[in-house]
1. Mind counting the residues in the range 27-43 that are open to solvent by less than 40 Å² (accessible area, probe 1.4 Å), assigned to a helix (DSSP H, G or I) and either of a type outside the set (Asp, Glu) or within 13 Å of Phe126 (Cα to Cα) (or both)?
2. List, please: which pairs have Cβ atoms under 6 Å, are six or more places apart or on different chains, and start with a residue in the range 162-178 that is modelled with pLDDT of 95 or more and end with one that is among the small types (Gly, Ala, Ser) and part of a helix (DSSP H, G or I)?
3. Based on what the data block shows, is Gly158 among the small types (Gly, Ala, Ser) and free of Cβ contacts under 8 Å to residues at least 12 places away in the same chain?
4. Taking the stated definitions as given, is Thr65 of a type in the set (S, T, N, Q) and open to solvent by 20 Å² or more (accessible area, probe 1.4 Å)?
5. For the range 1-18, enumerate the residues that are open to solvent by 50 Å² or more (accessible area, probe 1.4 Å) and hydrophobic (A, V, I, L, M, F, W, C).
6. Does Thr155 satisfy the condition of being hydroxyl-bearing (Ser, Thr, Tyr) and more than 23 Å from Ile39 (Cβ to Cβ)?
7. Which of the residues spanning the range 54-104 are modelled with pLDDT under 95 and aliphatic (A, V, I, L, M)?
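The values are calculated or read from the model by the stated rules, or taken from the named source; none is laboratory data. Note that the structure is predicted; figures quoted are calculated from it, not measured. Because the Cβ atoms are built from the backbone with ideal geometry, glycine has one as well, and the counts that use them run over all protein chains shown. These accessible areas exclude ligands, DNA and RNA; they are computed on the full protein's heavy atoms, side chains included. Shrake-Rupley method; radii C 1.70, N 1.55, O 1.52, S 1.80 Å.
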Amino acid sequence: MGLTEWAYSLSESLLSDPLPRRWAHSLGVAKRARSLGPILGSDAELLEAAAVLHDIGYSPAIATTGFHPLDGARFLRGQEGSDERVVRLVAHHSCALLEAEERGLRAELEGEFDLERADLVDALIFCDMTTTPDGRQTTPTARLDEIVQRYGPDTIVGRFIQRAAPEIHAAAERVEGRLAKASMSDQPM
């Protein structure tokens, strides 16, 4: 079984029944990851696997701390067939260090999981923050607004996402720039 096939199967088993909307979101994030193939090269499969797995820490079957990036990465770390780079991307997806700080878990997250390469971190931020909770494509601005509205501006998630907004926008711009550059290099002269 290949990495992405394994990732889809595992994510579906953890999310589809108890959290169907989260499963739809994860599928949408993975679809966005596939669309980045032209700029990811040999890391395309890795990012797609991380994308479909990024929210498994919400699953009631594995949630322990209530902080889904940490719970998901800890679970993945113990799974046969898991890729350490996928684990690191799940652990740190979408500016997780800032949310970990809000929750008093930053030292744990940093101590257990190294950051993955910056371009892949940006790519996963882009995929997550341009996908609605139902799996449809959106803009980073609309996604951030939706998160603040859903959780409230003064909650842990609301405070974190507002702090993370500049980095989320910057990551999206970097990815869009790479896509534009790749598209231009594909044009005939």
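1. Here the count works out to 8.
2. Val175/Ala123
3. Values: among the small types (Gly, Ala, Ser): yes; free of Cβ contacts under 8 Å to residues at least 12 places away in the same chain: yes.
Yes, satisfied.
4. Values: of a type in the set (S, T, N, Q): yes; open to solvent by 20 Å² or more (accessible area, probe 1.4 Å): yes.
In short, yes.
5. Met1
6. Taking the combined requirement at face value, the residue satisfies it.
7. Within the range 54-104, none qualify.
Rundown of residues vs (1) under 20 Å from Arg117 (Cα atoms); (2) part of a helix (DSSP H, G or I), yes/no style:
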{"position": "Arg143", "(1), (2)": "no, yes"}
{"position": "Pro153", "(1), (2)": "no, no"}
{"position": "Arg163", "(1), (2)": "no, yes"}
{"position": "Pro166", "(1), (2)": "yes, yes"}
{"position": "Ala171", "(1), (2)": "yes, yes"}
{"position": "Arg178", "(1), (2)": "yes, yes"}
{"position": "Met184", "(1), (2)": "no, yes"}
